[in-house]
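So the structure is just underneath, and the comments pick up after that.
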Amino acid sequence: MRKKIVAGNWKMNTLPAEGVELAKGVAAGRGTVCPSVNFIVCPPFTHLSEVAAALKGSDIELGAQNCAAEAKGAYTGEVAASMIAALGCKYVILGHSERRQYYGETSETLNKKMEQAYANGLTPIYCVGENLAEREADKHFDVVKAQIEEVVYNLTAEQFKHLVIAYEPVWAIGTGKTATADQAQEIHAYIRKVLAAKFGEAADECPILYGGSCKPSNAAEIFAKQDVDGGLIGGAALKAEDFLAIGQGFSK
């Protein structure tokens, strides 16, 4: 059985006190969701420590939104994987479309970040996905395949056992547009096929999350698909009740 995961990417939102209240709200309502659903929250760097304290005693896990490509050194403004691991993070989001688009992250950069994540015991949530022009040009399969082959194919079999993939239809992030459940299943099944070409049957155990405007109203339909194992949630993760309601989208 693959893990069922609902991960919240808070992006550059919430001040520390607000983040603590949000985390407490998620923890308080955790019991309303099937215990087999794994919740992860990924706050800004500035309040990872305080959110970790707020989650203590719960089964909600902590993740960071990024990490540096280097282990340490003269890299002003960067945050090392070792630093976020020391604060209690178990996961780190890597390759998010916003990092690729706004900060020029390449596969070369992401290979280094993946190495740092694994060296520090973190499970990467590796993001792949196409933009609107690529989707309309029918290049979405090629784009996703390249993003996997250029990074994930460099992992060892053991590292691959500790990986989460998040598919982001970039054209559906923050736009209110959503891939249909059938579109999500189609690309998720394709991703699993690409993973299987390198890692064989182990691809069946890799969770693949959907990351495009997933909300309480559409979560159940999307999560019902065979190859969709949860969601990487943006805006809806900023309200505890919405985040928990998305988790309730999994059938018992």
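The values are calculated or read from the model by the stated rules, or taken from the named source; none is laboratory data. Source: prediction; values computed, not measured. Methodologically, a virtual Cβ is constructed for each residue, glycine included, from the backbone with ideal geometry; neighbour enumeration extends over all protein chains shown.
Restricting the first member to the stretch 225-236 and to residues that are on the phi > 0 side of the Ramachandran plot, and the second to residues that are in a loop (DSSP other than H, G, I, E, B) and surrounded by fewer than 24 Cβ atoms within 10 Å (Cβ to Cβ), the beta-carbon pairs closer than 8 Å and six or more apart or on different chains are 230/3; 230/207; 230/250.
Within the stretch 85-110, the set of residues being buried (at least 19 other Cβ atoms within 10 Å of the Cβ) and more than 16 Å from the chain's Cα centre (by Cα) comprises 85, 105. Restricting to strands (runs of 3 or more DSSP E) lying wholly in the stretch 133-252: which have 1 or more residues that are of a type in the set (Ser, Thr, Tyr) and surrounded by 15 or more Cβ atoms within 10 Å (Cβ to Cβ)? So the answer is 164-167, 208-210. Among the conditions (1) over 16 Å from the mean Cα position of the chain (by Cα); (2) of a type outside the set (A, V, I, L, M); (3) part of a helix (DSSP H, G or I); (4) within 22 Å of residue 192 (Cα to Cα), the only one that residue 118 does not satisfy is (1).
On inspection, residue 150 qualifies as more than 30 Å from residue 55 (Cα to Cα) and among the acidic types (Asp, Glu).
A single member of 33, 41 is over 18 Å from residue 124 (Cβ atoms) and surrounded by 18 or more Cβ atoms within 10 Å (Cβ to Cβ), and it is 33.
Within the stretch 139-185, being without any contact (Cβ under 8 Å) to a residue 40 or more places away in the chain and at positive phi holds for one residue alone: 176. All conditions but one from (1) surrounded by fewer than 17 Cβ atoms within 10 Å (Cβ to Cβ); (2) in contact (Cβ under 8 Å) with a residue 40 or more places away in the chain; (3) within 22 Å of residue 235 (Cα to Cα) apply to residue 70; the one that does not is (3). Contact map, the stretch 23-41: residues that are over 16 Å from residue 251 (Cα atoms) paired with residues that are of a type in the set (Asp, Glu) and in a strand (DSSP E or B), Cβ distance under 9 Å, separation 6+ or inter-chain. Pairs shown: 40/61; 41/61. Within the stretch 1-55, the set of residues being under 14 Å from the mean Cα position of the chain (by Cα), polar (S, T, N, Q) and farther than 30 Å from residue 77 by Cβ comprises 38 only. As a summary of the residue check, residue 52 satisfies the conditions (1) farther than 22 Å from residue 124 by Cα; (2) among the hydrophobic types (A, V, I, L, M, F, W, C); (3) at pLDDT 95 or above except for the one numbered (1).
If residue 129 satisfies all but one of (1) under 30 Å from residue 79 (Cα atoms); (2) out of contact with any Pro (no Cβ under 9 Å at 6 or more places or on another chain); (3) of a type in the set (Gly, Ala, Ser), what's the number of the condition it fails? With respect to (1) under 30 Å from residue 79 (Cα atoms); (2) out of contact with any Pro (no Cβ under 9 Å at 6 or more places or on another chain); (3) of a type in the set (Gly, Ala, Ser), residue 129 is out only on (2). If the condition is being of a type outside the set (Ser, Thr, Tyr) and surrounded by fewer than 23 Cβ atoms within 10 Å (Cβ to Cβ), then the stretch 117-132 contributes 119, 120, 121, 131, 132.
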